[in-house]
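Student: Please see the structure below; I have some questions.
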Amino acid sequence: MPYIYFYWTKVCIWCIIYICISMYKNEAGAMMETRIYKIGEDISESEYDYIKEAAGVIRDGGLVAFPTETVYGLGGDALNPESSRRIYGAKGRPSDNPLIVHIADFEDIYPLARKVPDIAVILAEKFWPGPLTMILKKSGIVPYETTGGLDTVAVRLPDNRIACALIREAGVPVAAPSANRSGKPSPTTAQHVYGDLSGKIDVILDGGAVSIGIESTIIDLTGDIPVILRPGYINQDMLNDILGDVARDPAIDNKVEGDIKPKAPGMMYRHYAPEGELMIVEGEISAVSDKINELAGMYDESVVGIITTTENRERYDYGTVVCIGSRENEITIAHNLYAALRKMDECKIKHIFIEGFSNEGLGDAIMNRIMKAAGHKVLKV
Ligand code: TXA
Ligand code: MG
């Protein structure tokens, strides 16, 4: 009798394990082998063959992660609804959050948009290829799966040779969100992509670390005046210089829980978030380091992380300290920010403190990303 009980208990345990694994696989999508190909800046002939292979994967409905100048993108055929569904599945992203459609030549914008306004042409002449995404009214060929159900489409022509070669070889526009699991910081290296998406996508083209490190500026050109929906490397002054007055979606500067709904649905979600709790400390530089040292001392050293700049580095010697560059050169800050947040996760840091930055120029985009990662937790000293 006890033996029968033992036997049935064993059977039940195995059934439970089997059901759990099946549920996990369903949620994550079927696991597959992810191929990684290193591609040098000059793209040798054999490396070009990898790009062609990846382009074939996109045409066949598969997914390819590739470098852009901003962050790595997770690409699929923008005109194939099934590809877009697969992108949402691999990222674990809500399907009402639209994807940016990437092209390699300006003329390719015309089939995607119902109308291409003159200002789109002016902006493209000035900033494309480059980190600017334009929102236009979509044409009939762009499926609602790609635009998250919206009647508009986001289009971008990236400034990266590997990205453009991939898009041209694919022969279709490429829908690509950032190639991270939803809610994680955007990937700035192929290793970040591998950590988040291996087993869920077909190919990663490893073009090394990206140059800018934060996502493109998004500008909505569908209304009477152009509106910035997401700040980026192309800042408001640069856009004002070309277009005169450009508006800014008020939701950019507000907490998202309130009743102001961002026009870029992706800005609504808690984003770019490390696993630990992140707090921004703002103020005069030495007061900031004093406060951070005081707060850090409240926790065990093994769970404290500090993200600092060259100017303040010497002032910290407790916990995991990461220096992301000099305040004199904000592009290094943008470049290293997401890798620093990911490092905090790797080190299982529970309390992260980061110094604040000015909102001028690129600082606007940097502060926007840090604010979102911190869930707007700011301490002014
Ligand atoms: O730099 C970048 O833009 C990178 C690289 C890969 O190109 N891509 C990127 O994609 O950051 P993603 O999906 O992580 O962010 C796209 C943002 C989301 O906030 C989304 O809601 C918004 O763009 N978006 C896309 N289409 C839109 C539309 N039609 N109207 C308003 N917002 C849109
Ligand atoms: Mg993203």
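Student: Check whether at least one residue in segment 139-157 is in the same structural domain as THR217 (by TED's automatic domain parsing), near ligand 1 (Cβ under 10 Å from one of its atoms), closer than 16 Å to GLY75 by Cα and small (Gly, Ala, Ser), and report yes or no.
Tutor: yes
Student: Buried (at least 21 other Cβ atoms within 10 Å of the Cβ), out of contact with any helix residue (DSSP H, G or I) (no Cβ under 7 Å at 6 or more places or on another chain) and closer than 24 Å to PRO187 by Cβ, is that true of ALA340?
Tutor: yes
Student: Would you be able to say whether some residue in segment 327-337 is over 21 Å from the mean Cα position of the chain (by Cα) and either within 24 Å of LEU229 (Cα to Cα) or buried (at least 20 other Cβ atoms within 10 Å of the Cβ) (or both)?
Tutor: So far as segment 327-337 goes, no, none of its residues is over 21 Å from the mean Cα position of the chain (by Cα) and either within 24 Å of LEU229 (Cα to Cα) or buried (at least 20 other Cβ atoms within 10 Å of the Cβ) (or both).
Student: Let me ask something additional. Give me the helices (runs of 4 or more DSSP H) completely within segment 160-256, filtered to those with at least 1 residues that are closer than 30 Å to LYS38 by Cβ and basic (Lys, Arg), ordered by residue number.
Tutor: Result: 161-170.
Student: Give the number of residues within segment 344-371 that are assigned to a helix (DSSP H, G or I), crowded, with 19+ Cβ neighbours inside 10 Å and of a type outside the set (Gly, Ala, Ser).
Tutor: Looking only at that region, the number is 9.
Student: Tell me, yes or no, whether segment 302-321 has at least one residue that is touching a residue at least 24 places away in the same chain (Cβ under 8 Å), in a strand (DSSP E or B), in contact with a His (Cβ under 9 Å, 6 or more places away or on another chain) and outside the structural domain of ASP237 (by TED's automatic domain parsing).
Tutor: Yes - at least one qualifying residue is present in segment 302-321.
Student: Checking the structure you have, find out if any residue of segment 185-205 is under 24 Å from LEU123 (Cβ atoms) and either among the hydrophobic types (A, V, I, L, M, F, W, C) or within 16 Å of ligand 2 (Cβ to nearest atom) (or both).
Tutor: The answer is yes; a qualifying residue exists.
The values are calculated or read from the model by the stated rules, or taken from the named source; none is laboratory data. The shown structure was predicted, so the numbers you read here are calculated from the model rather than taken from an experiment. Ideal geometry is used to build each Cβ from the backbone, glycine not excepted, and the neighbour counts take in all protein chains shown.
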